1. If you check Gly172, Gly149, which single one turns out to be buried (at least 23 other Cβ atoms within 10 Å of the Cβ) and away from the ligand (no atom under 16 Å from the Cβ)?
2. Among the listed residues Leu132, Leu121, identify the single one that is in a strand (DSSP E or B), buried (at least 16 other Cβ atoms within 10 Å of the Cβ) and in contact with a helix residue (DSSP H, G or I) (Cβ under 8 Å, 6 or more places away or on another chain).
3. Restricting attention to region 35-65, which residues are of a type in the set (Gly, Ala, Ser) and touching a Lys or Arg at 6+ places or on another chain (Cβ under 8 Å)?
4. Taking Asp220, is it more than 23 Å from Ala294 (Cα to Cα) and in the same structural domain as Pro125 (by TED's automatic domain parsing)?
5. Go through the residues of region 306-318 one by one and say whether even a single one is farther than 30 Å from Met91 by Cβ and either of a type outside the set (Val, Ile, Thr) or in contact with a strand residue (DSSP E or B) (Cβ under 6 Å, 6 or more places away or on another chain) (or both).
6. Residue check: is Tyr155 in contact with a strand residue (DSSP E or B) (Cβ under 6 Å, 6 or more places away or on another chain) and within 30 Å of His280 (Cβ to Cβ)?
7. Kindly check whether there is at least one residue in region 115-129 that is among the small types (Gly, Ala, Ser) and without any contact (Cβ under 8 Å) to a residue 40 or more places away in the chain.
8. Out of the residues in region 227-241 meeting the condition of being in a helix (DSSP H, G or I) and either in contact with a strand residue (DSSP E or B) (Cβ under 9 Å, 6 or more places away or on another chain) or not aliphatic (A, V, I, L, M) (or both), tell me which one is surrounded by the most Cβ atoms within 10 Å (Cβ to Cβ).
Amino acid sequence: MTEGDGGVKFYRRGDAPEGALQGETVGVIGYGNLGRSMALNLRDSGVDVRVGNIDDPYRAVAARDGFEPVPIADVAAACDILYLLIPDEVMDDVYRDEVAPGLAAGNAMCFASGYALAYGLVPPPPEVDVLLLAPRMLGEEVRHTYESGDGFFTYVSVEQDATGRAWQRLLGLADAVGSLRKGAMQLSADKEATLDLLIEQTVGPYLGTAIQLAFQLGADAGLPPEALVLEMYMSGEMARTFQTFAEEGFYRSTTWHGAVAQYGGFLRTLSLDREAMARHFAETLEDIRSGGFAKRFHDEKQAGYPTLQAIAGITSGDDPMTAAEQRVRDALG
Ligand code: NAI
């Protein structure tokens, strides 16, 4: 473990005790985007993995990958460590009906997102370890970066240490899934959930709105829609710019851009209404912290997801940006 100057703790390879998961069975509950990658990585690292899944197409994928998937309740009752890799919005029902009845004293439950713990969807009993191993990587990439040897970044936390072995188990898991090759940072489930929602609900909407408005304005001004989508994301230049933030630093990477881009971009940044933006961000944070957002999302679920259906209608319908992307793909392959 390395403690940075800011007091944040980081973990790398070598921090997991030798044989940390010796004699433990790990039940992967859910074989979706992240579940599949985690199960394969654990198995390739020599861990005794069982897969629990409902009877849906994901179950067939697990069987095709050589697992013998069984109902979630069976895995919950049979394994020492349970890694819950199902969508956050079903966590409360699955925990109550399938997981809780099979939990025994000394088991561990591990989560890939702090959401269920932060908003009380899952009330862990006092006699089990509660762990957070939350990747900062897309599900499929969790597998690819294991295979390439690069690993992926995670947030880790022991939320409850009932056995005295919670950290050993957590670091053993983090090592076996391949995360410690890149590094893990200690962050509580509550902070992880806040951070995740904050960035999704501040940076995400502003970036999305900027792209939509710039497309509309540019197209109205006679710029080819194909060029606009290429410029903003299809060429990969923008993704590369974000990559330079990681490699060079957010401010330091400025030198990658020419004088015209620096001069124009910086001055336009300063002319934005930053106070209005900051106010909106602060209100968003307050809504996340108070549980207001999670409560509304719970109500959305109870109502049968009307808003999510409306969003799906909008994003799957006809629109000029999707049409322009298709014309680029048709022309260039
Ligand atoms: P997903 O949407 O791919 O999950 C599908 C899996 O959930 C399947 O195995 C399916 O059978 C199961 N499932 C769906 N509804 C169910 C229900 N009602 N009852 C029982 N099982 C059900 O989920 P994903 O994206 O893999 O996320 C899993 C967890 O990992 C979440 O907590 C998420 O926040 C976290 N996470 C996901 C990342 C990703 O890139 N996908 C990255 C970091 C964290």
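The values are calculated or read from the model by the stated rules, or taken from the named source; none is laboratory data. From a predicted model like this one, the values you see are computed outputs, not experimental measurements. All Cβ positions, glycine included, derive from the backbone under ideal geometry; neighbour counts span all protein chains shown.
1. Values: Gly149 fails: buried (at least 23 other Cβ atoms within 10 Å of the Cβ).
Matching residue, one of Gly172, Gly149: Gly172.
2. Details: Leu121 fails: in a strand (DSSP E or B).
Only one candidate qualifies: Leu132.
3. Filtering region 35-65 for residues of a type in the set (Gly, Ala, Ser) gives 35, 37, 39, 45-46, 52, 60, 62-63.
Across region 35-65, the qualifying residues are Ser37, Ala62.
4. Numbers: more than 23 Å from Ala294 (Cα to Cα): yes; in the same structural domain as Pro125 (by TED's automatic domain parsing): no.
The answer is no for Asp220.
5. Keep residues of region 306-318 that are farther than 30 Å from Met91 by Cβ, which gives 317-318.
After this cut, where a residue has to be either of a type outside the set (Val, Ile, Thr) or in contact with a strand residue (DSSP E or B) (Cβ under 6 Å, 6 or more places away or on another chain) (or both) as well, the list is 317-318.
Among the residues of region 306-318, at least one is farther than 30 Å from Met91 by Cβ and either of a type outside the set (Val, Ile, Thr) or in contact with a strand residue (DSSP E or B) (Cβ under 6 Å, 6 or more places away or on another chain) (or both), which makes the answer yes.
6. Details: in contact with a strand residue (DSSP E or B) (Cβ under 6 Å, 6 or more places away or on another chain): yes; within 30 Å of His280 (Cβ to Cβ): yes.
The answer is yes for Tyr155.
7. Kept after step one, since they are among the small types (Gly, Ala, Ser), are these residues of region 115-129: 116, 118, 120.
Then drop every residue that is not without any contact (Cβ under 8 Å) to a residue 40 or more places away in the chain, which leaves 116, 120.
Yes: region 115-129 contains one or more residues that are among the small types (Gly, Ala, Ser) and without any contact (Cβ under 8 Å) to a residue 40 or more places away in the chain.
8. Within region 227-241, the subset in a helix (DSSP H, G or I) is 227-234, 237-241.
The next check asks that each one be either in contact with a strand residue (DSSP E or B) (Cβ under 9 Å, 6 or more places away or on another chain) or not aliphatic (A, V, I, L, M) (or both); those that pass are 231, 233, 237, 240-241.
Working: Glu231: 16, Tyr233: 14, Glu237: 11, Arg240: 10, Thr241: 12.
Top of the filtered list is Glu231.
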